Amino acid sequence: MTALEIVRLMNREDRKVAHAVERELPAIARAVDAVVAAMRGGGRLIYVGAGSSGRMAVLDAAEIPPTFGVPHEAIRAFIAGGRQAVTGAVEGAEDAAHAGVAALRGARVGKGDVVVGIAASGTTPYVLAAINYARRRGATTIAITSNEHMPLAQRAEIAISVEIGPEVLTGSTRLKAGTAQKMVLNMLSTAAMVKLGHAYENLMIDAVLTNEKLQERAVRILTEASGASVSAAEDALRAAGHSMRVGLVMLKLGVDAKEARKRLTAARGDLRVALEE
């Protein structure tokens with residue numbers, strides 16, 4: 001095949017992924033509700049995976065805190081083989097069932113937490129052992145896999161089984177299976193954070209402002225959300241100590257930073273309640 005023929009074939013196969021994910025939307029929604037319930041009660045979202053599945057988990061867990069302003073300890077990801085497995089293969093790590101248990105034991109997983117096991121095959125020993133341990137500890141368990149008939153889907157309380165069919169390169173689950181995992185994780189974490197109030201409309205109101213680009217984005221977010229001028233948004237953001245939610249309350253209600261914080265505290269952090277919307 002020519003290069004063009006190869007990429008056309010891959011593109012045709014990739015089109016099937018979104019449709020396969022669509023079939024699992026009810027299960028994904030149940031998973032979102034479980035995560036929201038757990039985190040509202042002080043629980044954590046914990047991912048467990050191996051190889052490319054584990055890397056997808058690590059990526060999502062790394063991006064949630066700065067995007068939504070939640071504590072890093074609220075979102076954890078464990079990959080077979082540990083940190084070095086993120087950038088390179090650690091031979092045999094996925095077969096170490098005891099390591100999956102040890103990771104969750106070390107994190108003191110228990111009732112109130114949600115543990116998401118990610119494995120395209122649905123048979124990875126590291127992930128299966130972790131899910132079994134999580135269930136024994138009373139945590140809510142979720143599976144993201146490509147085969148509903150495999151052990152992982154059958155052992156988890158909520159199974160998200162995205163049947164994407166054979167890979168273009170047989171057995172290479174970093175392809176369609178990896179794309180499906182990324183789509184599911186995007187939905188799971190984003191929808192959960194939105195339901196938990198870490199967004200205003202479709203705006204990242206709780207993003208952590210760690211660089212100049214994000215500072216500029218924060219001003220744009222405040223102007224769009226409030227209808228205020230750029231200069232007013234800049235002044236409010238500065239007075240709010242770079243908290244966009246405090247700045248938004250200031251701009252929309254015409255109050256100072258102290259009053260805005262008082263209203264947010266009275267609303268228990270619920271931005272819409274603080275804004276009287």
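For the range 244-277, which residues satisfy the criterion of being in contact (Cβ under 8 Å) with a residue 12 or more places away in the chain and part of a loop (DSSP other than H, G, I, E, B)?
Passing the criteria: Asp256, Gly269, Asp270, Leu275, Glu276.
Could you please give the count of residues in the range 59-94 that are free of Cβ contacts under 8 Å to residues at least 12 places away in the same chain and not in a helix (DSSP H, G or I)?
7
For Thr173, are the conditions met, namely being surrounded by 23 or more Cβ atoms within 10 Å (Cβ to Cβ) and either farther than 11 Å from Ala120 by Cβ or out of contact with any Pro (no Cβ under 7 Å at 6 or more places or on another chain) (or both)?
no
Would you check which residues across the range 161-203 are assigned to a loop (DSSP other than H, G, I, E, B), within 18 Å of the chain's Cα centre (by Cα) and on the phi < 0 side of the Ramachandran plot and list them?
If the condition is that a residue be assigned to a loop (DSSP other than H, G, I, E, B), within 18 Å of the chain's Cα centre (by Cα) and on the phi < 0 side of the Ramachandran plot, then Val162, Leu196, His198, Ala199, Asn202 are the ones that fit.
Could you tell me how many of the residues in the range 155-170 are farther than 21 Å from Arg136 by Cα, at pLDDT 95 or above and among the small types (Gly, Ala, Ser)?
Of the residues in that region, 1 qualify.
Suppose we keep only residues that are in a helix (DSSP H, G or I) and β-branched (Val, Ile, Thr) within the range 204-237. Which one would you say is surrounded by the fewest Cβ atoms within 10 Å (Cβ to Cβ)?
Per the criteria, the residue is Val230.
Give me the pairs, please: first residue somewhere in the range 9-29 and assigned by TED's automatic domain parsing to the domain that holds Gly165, second residue anywhere and among the acidic types (Asp, Glu) and surrounded by 11 or more Cβ atoms within 10 Å (Cβ to Cβ), beta-carbon distance under 6 Å, and either six or more positions apart or on two chains.
Note: pairs meeting the criteria are Ala20/Glu163.
Okay, residues lined up against (1) of a type in the set (Phe, Trp, Tyr); (2) within 14 Å of the chain's Cα centre (by Cα); (3) part of a helix (DSSP H, G or I):
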residue	(1), (2), (3)
Pro26	no, no, yes
Val32	no, yes, yes
Val36	no, yes, yes
Tyr47	yes, yes, no
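Within 30 Å of Lys195 (Cα to Cα) and either surrounded by fewer than 16 Cβ atoms within 10 Å (Cβ to Cβ) or of a type in the set (A, V, I, L, M) (or both): is that true of Ile6 in this structure? Give the derivation first.
Numbers: within 30 Å of Lys195 (Cα to Cα): no; either surrounded by fewer than 16 Cβ atoms within 10 Å (Cβ to Cβ) or of a type in the set (A, V, I, L, M) (or both): yes.
No: the conditions fail for Ile6.
Here are the criteria: (1) under 13 Å from the mean Cα position of the chain (by Cα); (2) of a type outside the set (Val, Ile, Thr); (3) surrounded by 15 or more Cβ atoms within 10 Å (Cβ to Cβ). Tell me which single one His72 does not satisfy.
Going through (1) under 13 Å from the mean Cα position of the chain (by Cα); (2) of a type outside the set (Val, Ile, Thr); (3) surrounded by 15 or more Cβ atoms within 10 Å (Cβ to Cβ) one by one, His72 breaks only (3).
Within the range 74-119, how many residues turn out to be closer than 30 Å to Ala218 by Cα and at pLDDT below 95?
0
Rundown of residues vs (1) touching a helix residue (DSSP H, G or I) at 6+ places or on another chain (Cβ under 7 Å); (2) basic (Lys, Arg), yes/no style:
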residue: Val116; (1), (2): no, no
residue: Glu148; (1), (2): no, no
residue: Ile158; (1), (2): yes, no
residue: Leu169; (1), (2): no, no
residue: Arg174; (1), (2): yes, yes
residue: Met187; (1), (2): yes, no
residue: Val194; (1), (2): no, no
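Would a scan of the range 40-54 turn up a residue that is buried (at least 20 other Cβ atoms within 10 Å of the Cβ) and on the phi > 0 side of the Ramachandran plot?
yes
Do the conditions hold for Ala34, that is, is it touching a residue at least 60 places away in the same chain (Cβ under 8 Å), touching a Phe, Trp or Tyr at 6+ places or on another chain (Cβ under 7 Å) and either surrounded by 14 or more Cβ atoms within 10 Å (Cβ to Cβ) or not assigned by TED's automatic domain parsing to the domain that holds Leu169 (or both)?
For Ala34, the condition - touching a residue at least 60 places away in the same chain (Cβ under 8 Å), touching a Phe, Trp or Tyr at 6+ places or on another chain (Cβ under 7 Å) and either surrounded by 14 or more Cβ atoms within 10 Å (Cβ to Cβ) or not assigned by TED's automatic domain parsing to the domain that holds Leu169 (or both) - is not met.
In the range 121-143, what count of residues is obtained for those that are closer than 17 Å to Gly81 by Cβ, crowded, with 24+ Cβ neighbours inside 10 Å and of a type in the set (Gly, Ala, Ser)?
1
The values are calculated or read from the model by the stated rules, or taken from the named source; none is laboratory data. On a predicted model such as this, the values are computed, not experimentally measured, just so you know. Cβ coordinates were reconstructed from backbone atoms using ideal geometry, including for glycine residues, and neighbour counts include every protein chain displayed.
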